[in-house]
Amino acid sequence: MVRIATWNVNSIRSRIERVEDWLTRADLDVLAIQETKSREDQFPYLTLQALGYEVAHVGFNQWNGVAILSRVGLSDVEVGFDGMPGWGEPVESEARAIGATVGGVRVWSLYVPNGRNIDDPHMVYKIDWLEHLRDTAHDWLEKEPDAAIALMGDWNIAPFDEDVWSMEFYLDKSHVSPDERAAFQGVVDAGYQDVVRPYAPGPGTYTYWDYQRLRFPRREGMRIDFVLGSPAFAEQVTHAEIVREERKGKNPSDHAPVVVELSD
């Protein structure tokens, strides 16, 4: 059995003790991390390597940042996917995607842009980013239909009404708009399926809870962290879970880890 997971840690430097503790207890083989909020020179490589993990990370500043940790090998590291849009003036690539081959699986740690609000230019960027991901991910399967590929991370989209605590609350906000949901569905239609939902169905099953307004104890969350797998990857999945307990305690991330177990 191989255990892989994804977790938006909301700053690896602030959360390294939580990450270190969970890695020790969870017996993980692979962890995709998002929102490291860390430059390369600030990332805790030595701490994670001491736990037995090879590490690939990309981070340019105090925003974004993605990483993959593996104790089952790590090779063919790729920063960004083909055609990945950038942001800013001038336009530059952000640290939102990193891929690596780990234990025979091509894992991508993805931090999809937050649309901010419906009319924000960042929403246009978000949709464009997802459409390019869709096209590139489709090409991967066209070239290699039997490839085991996992697109893992924080998608900043709740694909279904049951994935938010209140559609009335979110109706005029980002994460649930028709364009965002269509962009998410586009990746699914490109050949990738949500491998976690069958094992952790909703409603009321979330991966993110805002720090404010007692959202977590009131169970007012969102399901926005996903593992989308190619057919060959999905065939290997034997179990999956959202580790809600990791949202509790001292200095937690506002996201919970999502774990998938694969047959050997």
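Worth a mention:
- Charge dipole of the chain (Cα centre as origin; +1 on each Lys and Arg Cβ, -1 on each Asp and Glu Cβ, all else neutral): 1080 debye, rounded to the nearest 20.
- With all protein chains kept in place, the per residue accessible area of the stretch 212-264 amounts to 44 square angstrom at a probe of 1.4 angstrom.
- Taking Cβ atoms as reference points and 10 Å as the exclusive limit, the residues near G103 contribute a net charge of -1, counting Lys and Arg as +1 and Asp and Glu as -1.
- Other residues within the sphere of radius under 10 Å centred on the Cβ of A148, judged by their own Cβ, net out at -2 (K and R +1, D and E -1).
- Which labelled figure in (i) 0.93; (ii) 0.99; (iii) 0.95 is Rg/Rh (Cα atoms, Kirkwood Rh), once derived from the coordinates: (i)
- Aspartates and glutamates whose Cα lies under 15 Å from that of K248, excluding same-chain neighbours fewer than 8 positions away: E17, D21, D210, E220
- The length gained by stretching the chain between T47 and V243 to full extension, at 0.36 nm per residue less their Cα-Cα distance, is 68.3 nm.
- For the stretch 1-135, the relative contact order is 19 percent, taking Cα pairs closer than 8 Å that sit 6 or more residues apart in sequence and dividing their mean separation by the residue count.
- Take each peptide in 117-130, 224-237, count the other Cβ atoms within 10 Å of every residue, and average; sorted highest first, the result is 224-237, 117-130.
- Rounded Å value of the spacing that divides the Cα centres of the stretch 72-86 and the stretch 142-221: 23
- Cα gyration tensor shape for the stretch 183-264, rounded if a/c is under 1.5, else prolate or oblate: prolate
- ³J(HN,Hα) computed for each position of the stretch 194-201 - Karplus, 6.51 cos²θ - 1.76 cosθ + 1.60, integer Hz, glycine/proline x: 6, 8, 8, 3, x, 9, 9, x
- Förster-model FRET efficiency, 25 Å R0, E144 and F60, C-beta, rounded to 0.05: 0.25
- Linear extension gain, Q212 paired with A26, 0.36 nm per residue minus alpha-carbon span: 64.2 nm
- Each of T205 and E78 was given a label point 7 Å from its Cα along the Cα-to-Cβ line. The distance between the two points is 3.0 nm.
- Using the Cβ-Cβ distance between V91 and D264 with R0 set to 45 Å, the FRET efficiency from 1/(1 + (r/R0)^6) comes to roughly 0.55.
- Extension gain (nm, one decimal) between S11 and D128, 0.36 nm per residue minus Cα-Cα: 39.6 nm
- Value at 222 nm in deg cm²/dmol, rounded to 500, when DSSP H runs of n ≥ 4 in the chain each add -39,500 (n - 2.57): -7500 deg cm²/dmol
- Along its principal axes, the stretch 85-167 has C-alpha extents of 40, 39, 21 angstrom, given from the largest down.
- Between the residues V227, L74, A5, the greatest Cα displacement towards the positive end of the dipole of the chain, with unit charges on the Cβ of Lys, Arg, Asp and Glu, is found for A5.
- Relative contact order (percent, whole number), the stretch 76-198, Cα cutoff 8 Å, 6+ residue spacing: 24
- Our summary gives the stretch 199-238 a relative contact order of 34 percent, counting only alpha carbon pairs under 8 angstrom and 6 or more residues apart.
- Using the Karplus relation 6.51 cos²θ - 1.76 cosθ + 1.60 with θ = phi - 60°, the per-residue 3J(HN,Hα) values for the stretch 54-65 come to 7, 9, 10, 9, 9, x, 10, 7, 7, 10, 6, x Hz, with x marking Gly and Pro.
The values are calculated or read from the model by the stated rules, or taken from the named source; none is laboratory data. Owing to the predicted nature of the structure, the values given are computational and were not obtained by experimental measurement. Note that we place each Cβ from the backbone using ideal geometry, even for glycine, and neighbour counts take in every protein chain shown. Calculation scope for accessible area: heavy atoms of the full protein, side chains included, ligands and nucleic acids excluded. Shrake-Rupley method; radii C 1.70, N 1.55, O 1.52, S 1.80 Å.
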